[in-house]
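Student: A single structure is presented below for examination.
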Amino acid sequence: MPPSPVPLFGRRSFLAGALGVSGGALAAEGPLQVPVWSREQGRGVASPGYGVPSSFERLARKPRTVPAFPGAASTSTPHQHLHGTITPNGLHFERHHGGVPAIDPGQHRLVVHGLVARPLILTMDDLVRFPSVSRLHFLECSGNTPAWQTTNPAWTVQDTHGLLSCAEWTGVELATLLDEVGVKPEASWLLAEGADAAAMTRSLPLSALDGAILAYAQNGEALRPEQGYPLRLFLPGLEGNLSIKWLRRIKLGDRPFQTREETSKYTDLMPDGTARQFTFTMEAKSVVTTPSGGHQLKEPGAYEISGLAWSGRGRITGVEVSVDGGASWRPAVLQEPVLSRCLTRFRLPWRWDGGPALIQSRATDETGYRQPTREALVAARGTNSIYHYNGVYGWQVAAGGSVRHVA
Amino acid sequence: MWRETVSRAAILAVCLIFAGPASADPLGPHRLGRPATPDAIAAWDIDVRPDGAGLPPGHGSVAEGRTVFAARCAACHGEAGQGGAADRLVGGQGTLASAKPVRTVGSFWPYATTLFDYVRRAMPFDAPQSLSDSEVYAVSAYLLHLNGIVPADAVLDAARLPAVAMPNRAGFVPDARPDMTTP
């Protein structure tokens with residue numbers, strides 16, 4: 001069942017509501033009235049103390065399909081309704097393998113041991129006393145965009161690209177902590193482990209830790225429970241699963257530990273039956289978020305095409321947009337500042353003539369890598385690799401203004 | 001906080017007296033945290049490597065594993081490790097290069113030690129870390145037997161588990177990306 005089409009602004013938008021202001025409706029609407037909210041006092045301060053969105057906004061994360069086990073599932077960020085690049089904390093995508101633990105920060109501990117000179121047990125109080133950093137980075141699940149085999153025309157960008165979010169992460173650089181324990185020269189890998197019911201574990205070569213943070217805050221407040229409260233590993237530009245949430249232990253070793261999440265899962269099966277392992281980097285990718293699947297354009301005229309671009313290898317240097325299915329491309333404007341391994345908002349003014357239009361975007365990063373077509377990806381990797389799909393993605397605007405994904 | 005500072009100073013003093021300053025200082029430059037002794041972290045230090053490092057004492061047979069599986073796993077994974085609501089654990093050998101690959105413990109997993117490590121830390125899903133180490137050896141043996149990898153009379157322990165030859169042991173290759181040529 002395709003979702004009912006939504007207008008471009010909000011779920012209960014002015015366009016759809018009684019105060020419609022679209023060109024055609026304007027004349028019929030009559031002179032402006034002074035609404036009730038201008039003629040009485042609004043509610044007082046601190047109601048509630050921790051503010052929540054307007055009651056006219058109905059945004060929510062949701063799973064693509066109903067999960068058999070809600071603790072081993074994911075929900076996606078509704079990018080079709082968001083603006084700019086920062087994901088509100090309550091809408092950051094989720095991917096858990098053993099549910100969301102309710103951790104008392106006073107009892108949480110981080111153990112750092114193995115091939116180190118000074119194995120340590122640290123409390124959260126200890127950790128916040130170390131020098132800290134704050135950095136803006138995207139986080140993307142490598143299972144984002146399930147387009148290797150089939151796509152569903154009813155999918156919204158939340159379904160197709162919603163395992164992607166962006167936040168300012170604050171914490172201690174992993175390098176600071178590794179100095180504290182004194183990594184032995186023979187160490188070359190580490191194991192990171194969560195305190196959740198999955199005791200999630202991944203191995204990382206020490207060479208892949210550039211910019212790694214032990215994060216305790218997200219967009220200015222303590223991590224949300226779904227994001228690893230009270231402590232997570234954060235690895236900029238790498239597949240989300242590596243950024244172990246609810247981090248309880250780091251063990252230094254001299255080889256990979258070969259956990260289930262780096263053998264059975266998060267490996268990419270090739271047509272010859274071999275599987276690529278330790279495929280960490282999230283390669284350059286982009287998607288148009290407005291207009292996108294499920295949106296409804298009211299009438300021909302002026303619109304802004306807008307979307308998100310990102311690369312795990314550094315900065316985005318350009319995004320091109322096509323409205324004719326790739327026959328011609330125009331450069332979009334990138335919103336400054338363009339940050340490394342961070343979402344970049346791109347925009348392009350567009351006049352919809354009322355006819356069919358196939359809208360696509362493709363990103364290029366500072367290494368010169370350009371987001372590939374689906375055909376190029378499938379030619380190189382077949383259709384069974386599950387992870388790391390970063391192909392060009394398109395939205396078809398139909399003559400009536402409805403927007404759907406087309407393969 | 002005050003009490004902790006005192007005890008840290010005491011540890012440091014003891015180390016200085018008995019072991020000399022250079023080798024014994026248990027804290028780093030910021031002097032935060034406390035030493036992680038093997039005893040203190042034993043309950044969390046549960047990872048197992050392919051070479052067997054980390055495997056605990058204990059042992060389990062295929063027959064014992066059949067009982068554990070029926071009682072603790074079959075409800076979700078199916079009677080014989082397939083057909084349940086949760087991941088299929090059995091079969092699929094020879095399918096990896098086909099259009100419909102079936103990835104299971106038997107067809108895909110490169111190391112038997114990973115099975116022990118994962119079941120001990122995360123299964124059964126409704127009561128993780130509730131099996132004894134011998135039960136984990138047993139249920140691992142049973143799953144490997146269902147996949148035709150160990151015989152019906154197999155008994156696994158810390159010495160034998162790392163020696164189990166997994167069919168897809170050579171099936172993994174390094175990341176080959178970037179593998180796209182710009183058009």
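The values are calculated or read from the model by the stated rules, or taken from the named source; none is laboratory data. Since this is a predicted model, take the numbers as computed values, not measurements. Positions of Cβ are generated from backbone atoms using ideal geometry, with glycine treated the same way; all protein chains shown enter the neighbour counts. These area figures cover heavy atoms from the full protein model, side chains too; ligands, DNA and RNA do not enter into them. Shrake-Rupley method; radii C 1.70, N 1.55, O 1.52, S 1.80 Å.
Student: Using a probe radius of 1.4 Å on heavy atoms only, what accessible surface per residue do you get for the range A:95-276? Whole Å² is fine.
Tutor: Accessible area per residue: 28 Å².
Student: At 7 Å along Cα-to-Cβ for each site, give me the label-to-label distance between A:Ala380 and B:Ala163 in nm.
Tutor: Result: 4.3 nm between the two label points.
Student: Counting only other chains, what is the mean number of Cβ atoms within 10 angstrom of the Cβ of each residue in peptide A:249-256?
Tutor: Going residue by residue through A:249-256 and averaging, the value is 3.
Student: Between the helical axis of B:62-72 and the dominant principal axis of chain B, each derived from Cα atoms, what acute angle in degrees is found, rounded to the nearest 10?
Tutor: 80
Student: Leaving out ligands, DNA and RNA, calculate the buried accessible area for the pair B and A with a 1.4 Å probe, summed over both sides, in Å² to the nearest 100.
Tutor: 5200
Student: Given the rule -39500 (n - 2.57) for each run of at least 4 DSSP H residues, summed and divided by the residues of the protein assembly as shown, what is its mean residue ellipticity at 222 nm, to the nearest 500 deg cm²/dmol?
Tutor: It comes out at -4500 deg cm²/dmol, rounded to the nearest 500.
Student: In whole angstrom, note down how far apart the Cα centers of the range B:110-183 and the range B:36-93 are.
Tutor: 8
Student: Also, I was wondering about something else. Given points 7 Å out from each Cα along the Cα-Cβ axis, report the A:Glu221 to A:Glu336 separation in nanometres with one decimal.
Tutor: Placing both labels 7 Å along Cα→Cβ, they lie 3.2 nm apart.
Student: Per the 1.4 Å probe, what fraction of the accessible area of the protein assembly as shown, in percent, lies on carbon and sulfur atoms?
Tutor: Percent of accessible area from carbon and sulfur atoms in the protein assembly as shown: 58.
Student: Right, something else. Test of the criteria: in the range A:304-407, which trypsin sites (Lys or Arg not before Pro) are in a DSSP loop and have at most 11 other Cβ atoms within 10 angstrom of their Cβ?
Tutor: Hits after loop and neighbour filter: nothing returned.
Student: Still on this structure: In terms of solvent-accessible area of protein heavy atoms at a 1.4 angstrom probe, what is the ranking of B:Ser61, B:Ser132, highest value first? Intermediate values should be presented prior to the final figure.
Tutor: Working: B:Ser61 25, B:Ser132 50 Å².
Per-residue accessible area, sorted high to low, gives B:Ser132, B:Ser61.
Student: Averaging sequence separations of C-alpha pairs under 8 Å and six or more residues apart, then dividing by the length of the range A:285-406, give the relative contact order as a whole percent.
Tutor: Relative contact order comes out at 33 percent.
Student: Express the relative contact order of the range A:91-194 as a whole percentage, based on alpha carbon pairs under 8 Å and six or more residues apart in sequence.
Tutor: 35
Student: Heavy-atom accessible surface, probe 1.4 Å, ligands and DNA/RNA ignored: which residues of the range B:122-144 lose at least 10 Å² versus the isolated chain?
Tutor: B:Ala122, B:Phe125, B:Pro128, B:Gln129
Student: Tell me, what is the per residue accessible area of chain B in Å², probe radius 1.4 Å? Intermediate values should be presented prior to the final figure.
Tutor: Values: 9150 Å² over 183 residues.
On a per-residue basis, 50 Å².
Student: How much of the DSSP beta bridge set in the protein assembly as shown is antiparallel, as a percent to the nearest 5?
Tutor: Here the antiparallel bridges make up roughly 90 percent for the protein assembly as shown.
Student: Compute the helix-to-body angle for B:133-146: its Cα long axis versus the longest principal axis of chain B, expressed 0 to 90° and rounded to tens.
Tutor: Result, in degrees: 20.
Student: How much accessible surface area, in Å² rounded to 10, belongs to the heavy atoms of A:Thr290 with a 1.4 Å probe?
Tutor: 30
Student: Using a 1.4 Å probe and counting only protein heavy atoms, arrange A:Trp37, A:Trp246 so the residue with the most accessible area comes first.
Tutor: Accessible-area ranking of A:Trp37, A:Trp246, largest first: A:Trp37, A:Trp246.
Student: Let me ask another. Is there a quick way to get the dipole size of chain B? I mean about its Cα centre, with the Cβ of Lys and Arg at +1 and of Asp and Glu at -1; what is the value in debye to the nearest 20?
Tutor: Computed about the Cα centre, the dipole is about 300 debye.
Student: List, in the order given, every pair from A:Lys62/A:Lys251; A:Lys62/A:Lys285; A:Lys62/A:Lys265 whose Cα-Cα distance in the structure shown is over 30 Å.
Tutor: Pairs exceeding the cut-off: A:Lys62/A:Lys251.
Student: Sorted by accessible area with a 1.4 angstrom probe, largest first, how do A:Thr160, B:Thr37, A:Thr274 fall?
Tutor: Ranking A:Thr160, B:Thr37, A:Thr274 by accessible area, largest first, yields B:Thr37, A:Thr274, A:Thr160.
Student: Let me know the mean shielding of B:101-109 by other chains, meaning the per-residue number of their Cβ atoms within 10 Å of its Cβ.
Tutor: Mean shielding count: 3.
Student: Output the relative contact order of chain A, whole-number percent, from Cα pairs under 8 angstrom with separation of 6+ residues.
Tutor: Value for chain A: 16 percent.
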